[in-house]
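Asker: There's a structure below that I have some questions on.
The values are calculated or read from the model by the stated rules, or taken from the named source; none is laboratory data. Everything numeric here is computed off the predicted structure, so don't read it as measured data. Reconstructed Cβ throughout: ideal geometry from the backbone, glycine too, with neighbour counts over all protein chains shown.
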Amino acid sequence: MKRDWKYTVLVIAVLTALGLTGCGQQTQQAEQPQLVKAIQVGSETAGTTAGTYSGTVKGRYQSNLSFQAGGRITARNVQLGSQVQAGDVLMTVDPKDVAQAVNQTQAQVDAAAAQLQLAQSNLTRYQQLYDMDAISASVLDQYQTAYDQASAQYNQALAAQQAQENQLSYTQLTADADGVISAVSAEVGQGTWKSRSMYRKINWPISQSART
């Protein structure tokens, strides 16, 4: 009876050792690193290698495109993956408010121009009177000062009008270079603000790589 029990213990010990050895071999096999080879798609090396490869297309240069004026988006002309060329209109915002501001600044320019014309006429007339010794130099200086002020106001009105016209052109978001749209972050009807990113664009050329 004792002999049978010893044989049983011996058999169990042998089987246990064999099982542990097999698990150790499986663990070593599982830890072997996967072989990876990087190639450039379109190169001579890639052309001589047969097979299908998975990969990721990445842009060497990317652009985040954003409006320089805020408003409600009224049109989105391109989608994710669309190819665009420099100057293409990608998105527009409602120009109504900006157009109204342009009209207001135009009215200010017209008013300033009328004041400048009147100041010029007065200065010319009083300059003639001064040349005839009909008025003093201090009187002429007053009209000269009035003309200078009117001229400054006119130039200021012109600058304000130009700024508003620039804002009107900013209601259209255009592509800065050729490329493909890789991300879109706004929809028609949504409001936007200055410098908020609307699109991400990958610029040509695109660097394509694959790994096997």
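Asker: One residue is enough: does segment 106-115 have a residue meeting the conditions at pLDDT below 95 and under 27 Å from L173 (Cβ atoms)?
Answerer: Among the residues of segment 106-115, at least one is at pLDDT below 95 and under 27 Å from L173 (Cβ atoms), which makes the answer yes.
Asker: Okay, moving on. Quick one: count up the residues across segment 176-195 that are of a type in the set (A, V, I, L, M), part of a loop (DSSP other than H, G, I, E, B) and closer than 15 Å to A75 by Cβ.
Answerer: Of the residues in that region, 2 qualify.
Asker: Looking at (1) modelled with pLDDT of 85 or more; (2) hydrophobic (A, V, I, L, M, F, W, C); (3) closer than 30 Å to Q149 by Cα, can you tell me which one V98 breaks?
Answerer: V98 satisfies all of (1) modelled with pLDDT of 85 or more; (2) hydrophobic (A, V, I, L, M, F, W, C); (3) closer than 30 Å to Q149 by Cα except (1).
Asker: With respect to the numbered conditions (1) in contact with a strand residue (DSSP E or B) (Cβ under 6 Å, 6 or more places away or on another chain); (2) among the hydroxyl-bearing types (S, T, Y); (3) crowded, with 17+ Cβ neighbours inside 10 Å, which one is the sole condition not fulfilled by Y143?
Answerer: Failed condition: (1).
Asker: While we're on this one: Being at pLDDT below 80 and over 30 Å from Q190 (Cβ atoms) narrows it down to one residue among V41, V139; which is it?
Answerer: Result: V41 is the single residue among V41, V139 that is at pLDDT below 80 and over 30 Å from Q190 (Cβ atoms).
Asker: I'd like to know if segment 124-138 contains one or more residues that are part of a helix (DSSP H, G or I) and under 49 Å from the mean Cα position of the chain (by Cα).
Answerer: No, segment 124-138 has no match at all.
Asker: Taking into account only those residues within segment 165-203 that are touching a helix residue (DSSP H, G or I) at 6+ places or on another chain (Cβ under 7 Å) and surrounded by fewer than 18 Cβ atoms within 10 Å (Cβ to Cβ), which is nearest to P95 (Cα to Cα)?
Answerer: The selected residue is L168.
Asker: Under 30 Å from G191 (Cα atoms) and aliphatic (A, V, I, L, M): which single residue out of A134, A101 fits that description?
Answerer: After ruling out the rest, the residue left standing is A101.
Asker: Name the single residue, out of those in segment 139-164 being of a type in the set (A, V, I, L, M, F, W, C) and within 52 Å of the chain's Cα centre (by Cα), that is nearest to A69 (Cα to Cα).
Answerer: Filtering segment 139-164 for residues that are of a type in the set (A, V, I, L, M, F, W, C) and within 52 Å of the chain's Cα centre (by Cα), the one nearest to A69 (Cα to Cα) comes out as A163.
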